[in-house]
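Below is one structure, written out as structure tokens; the observations come after it.
The values are calculated or read from the model by the stated rules, or taken from the named source; none is laboratory data. Because the structure is a prediction, the values reported are computed rather than measured. Note: ideal-geometry Cβ built from the backbone for every residue, glycine included; neighbour counts use all protein chains shown. Surface areas here come from the heavy atoms of the whole protein model, side chains and all, with no ligands, DNA or RNA. Shrake-Rupley method; radii C 1.70, N 1.55, O 1.52, S 1.80 Å.
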Amino acid sequence: MIELPPLPYAKDALAPHISAETLTFHHDKHHKAYVETVNKLIEGTDLEGASLEDIIVKNASKAEKKKLFNNAAQAWNHTFYWHSMTPKGGGAPGGALADRIKADFGSFEKFAEAFRNEGAGQFGSGWVWLTLTGGKLKVEATHDADTPLAHGAAPLLCADVWEHAYYLDYQNRRPDYLATFLDHIVNWRFAEKNFAEAKAHSKAA
Ligand code: MN
């Protein structure tokens, strides 16, 4: 059994950038449904006691487990996304992550431009990520439920670009949602912590 973690802040805490209505539907309906589907699919199997991370990694390349992979990845991605945001977020990262962003992207603004462009350019549903991949920071978009976790990369930060993440607040204006995400709600403390942990666990970092 996996759990639906509560949001790490109140439903109205990200307003006006992301409304309480969006967070209510997104967490209580969408995220909850992914968790419930995973639990239905693992019930009575040898994955019943597995962690969500293990379920994702073990089923990433199994075509016959696509439904389980998709729901497990969506369950994990959403928890990671909630923590990628914070009330009074935005601004720029500090410390080692700030230095590495400058080294790998040229400047913070170039990183931000890449993140906005990759997210806005993702055709259809998906996610945009900042990852540590093979010792280098990378901005990448993934399709549908896919997650860097399944491909050996360390996710540092993500934004959900499925329409359900922004449509009530921004309608079709995905670029405005992504600009607002970076300007006002991104949680750089979370990304800094993930970067430190990824470096500690990877010789290549
Ligand atoms: Mn979503």
Checklist entry - Out of curiosity, is K11 open to solvent by 60 Å² or more (accessible area, probe 1.4 Å) and at pLDDT below 95? => result no
Checklist entry - Restricted to the range 144-157, and to residues that are within 14 Å of the ligand (Cβ to nearest atom) and open to solvent by 10 Å² or more (accessible area, probe 1.4 Å), which residue is nearest to the chain's Cα centre (by Cα)? => result D146
Checklist entry - Restricting the search to the range 69-88, which residues are open to solvent by 10 Å² or more (accessible area, probe 1.4 Å) and outside any helix (DSSP H, G or I)? => result T86, P87, K88
Checklist entry - Is at least one residue of the range 158-173 surrounded by fewer than 18 Cβ atoms within 10 Å (Cβ to Cβ), more than 16 Å from the ligand (Cβ to nearest atom) and either within 13 Å of the chain's Cα centre (by Cα) or on the phi < 0 side of the Ramachandran plot (or both)? => result yes
Item to check | A141 being within 13 Å of the ligand (Cβ to nearest atom), in contact with a strand residue (DSSP E or B) (Cβ under 9 Å, 6 or more places away or on another chain) and at pLDDT 95 or above | outcome: no
Checklist entry - Any idea how many residues of the range 1-57 are assigned to a loop (DSSP other than H, G, I, E, B) and of a type in the set (F, W, Y)? => result 1
Checklist entry - Taking D99, is it touching a strand residue (DSSP E or B) at 6+ places or on another chain (Cβ under 7 Å) and farther than 19 Å from T24 by Cα? => result no
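Y177 - would you say it is within 16 Å of the ligand (Cβ to nearest atom), more than 23 Å from A75 (Cβ to Cβ) and open to solvent by less than 40 Å² (accessible area, probe 1.4 Å)?
Against the criterion (within 16 Å of the ligand (Cβ to nearest atom), more than 23 Å from A75 (Cβ to Cβ) and open to solvent by less than 40 Å² (accessible area, probe 1.4 Å)), Y177 does not qualify.
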Checklist entry - For the range 166-185, how many residues meet the condition of being closer than 17 Å to P8 by Cα and in contact with a Phe, Trp or Tyr (Cβ under 9 Å, 6 or more places away or on another chain)? => result 1
